[in-house]
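Computed from the coordinates by the stated procedures, all read-outs in this text should not be read as laboratory data. This is a predicted model, so every value here is computed, not measured. Here the Cβ is made from the backbone with ideal geometry for all residues, glycine too, and neighbour counts use every protein chain on show.
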Amino acid sequence: MLVAMCKDGLHVSLFNLSYEQALSMKRQKWYCPACTDAVLPKIGRKIIPHFAHYPHSTCSLKLQGESYMHHEGKNDLFKFLVSAQHTTQLEPYLITINRRPDLLISQPHQKWVVEYQCSSVPEDNLIQRIEDYESIGLESYWIIGNEENHTGTTIRFKKFQLILLRYTPSVGYYLFFYSPKTKLVDIIVNPVAISQSVFLYTNVRTPLHQQTFPFSIYSVPQVNMNHFLHTWFNHRNKTICYKVKSTKSYQDAFLLEVYKQGHFPFYLPLFIGIPCRHSIHFHTHPLIWQYYIWTDSLLSTTSCTLLVIKERMKERIRKGDIAIRYFPLIKKVSYEQAIEDYLRQLVHFRCIEVGKDSSFSFKNVSLFQVKEEDIHEQKKEWINNLKNWLI
């Protein structure tokens, strides 16, 4: 930690001190602002000066060796916020919730905590921290420590990173990354899952000094929709191949359902397992949850309302057939919007019809009669269909 308390209760920071100034602080006694245990100034030419608890300390906020990247990133963000005229505290201790965020920003009508998260932590830990901040009226703003060069088209998220996803209607879904090495802010925009951990994405990159707070997304790069959709359908096919060739395929609930319905996995219509808005809320692949919409609702009755479709999906979730993701920073959007968007696509492409009573019905049985020789042409057709829909 960079802030400690001297014997008269004054909080002092090692931030921006010269080596000589920091070294002189070793002559005094210092204490943790949270637990009041004695802490030791760690000063050296090869490390960032900081305070550390003694090994025997039981402080709940004791840090297990912050990384160099964390120290550097936190310092960069602090300097950036101060230079932008934001009233900013470094490592304030919030006594009512026993938390010490990296930064606290105070404005006349709003306060934020800023956390620069570099290390992997359990998801429950992150969720609890977010809820603790919310309980005292603080919005938490999470920036992920970044050592990667986000210049490709796919990204593999760690579990703790995806938990920190944010959403606005104007932009969609996004995550903030910052590299103290390059001084660049990467904003990963609208990641789309092509497997449980690999995502297609676009990246908005700006130097930190050109940003504002809260971080702004000035413009989102144009997605190469042709490349995106070819990649999507290739991974859809890989998902089916993996399931069929798995040594436990005979236990796979999805495959058992497909065979029970008299369908063949490789010949499922291509409108099952298509990308749609908000599908990131599902941990389960779209091929699976969209297939269950058909078997549970659209194929099982002559017509079905949106409410009934959602209730049957909730039952699948309760049974564990479908898994959803929880994003504590997203309040007004859920997996239900993904269901709605998928149904809108089906209506738009005339796979199903919507009646005057707003119920959905499926009448064109031939759509499920897919032949092997038709798959290539159908793929081209659906890529063209989806290009315009997703833009």
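Using the count of nearby Cβ atoms within 10 Å as a rough guide to exposure, how do 373, 134 rank from fewest to most?
On the way: 373 7, 134 14.
Fewest-to-most ranking of 373, 134: 373, 134.
Would you mind working out the magnitude of the charge dipole of region 111-221 relative to its Cα centre, with +1 at each Lys and Arg C-beta and -1 at each Asp and Glu C-beta, to the nearest 20 Debye? Could the numbers behind the result be given before it?
Numbers: 9 positive and 10 negative charges, 77 e Å.
Around 360 debye, computed over region 111-221.
Picking from 330, 360, 244, whose Cα lies most toward the positive end of the charge dipole for region 212-365 (charges on Cβ: Lys, Arg +1; Asp, Glu -1)?
Highest projection toward the positive end goes to 244.
Using the Cα centre of region 226-390 as the reference point, and only Cβ charges (+1 on K/R, -1 on D/E), how large is the resulting charge dipole? Debye, rounded to the nearest 20.
It comes to approximately 480 debye.
Give the long-range amide H neighbours of residue 30: residues separated by 5 or more places, or on another chain, with amide H under 5 Å away, using H modelled in the peptide plane at 1.01 Å from N.
Those lying under 5 Å, H to H, from residue 30 are 39.
First measure r as the distance between the Cβ atoms of residue 227 and residue 363, then evaluate 1/(1 + (r/R0)^6) with R0 = 30 Å and state the FRET efficiency to the nearest 0.05.
0.30
Under 1.5 on a/c is rounded, so check that first for region 226-390, then, if it is not, pick prolate when a/b is larger than b/c and oblate when it is not; a ≥ b ≥ c are the square roots of the alpha carbon gyration tensor eigenvalues.
rounded
Can you pull the one-decimal nm distance between simple spin-label points at residue 253 and residue 21, each 7 Å off the Cα toward Cβ?
In this crude label model, residue 253 to residue 21 measures out at 6.0 nm.
For the chain, just the Cα set please: Rg and Dmax, both in angstrom.
25.8, 84
Between residue 307 and residue 198, how many nm apart are label points set 7 Å from Cα along the C-beta direction?
4.3
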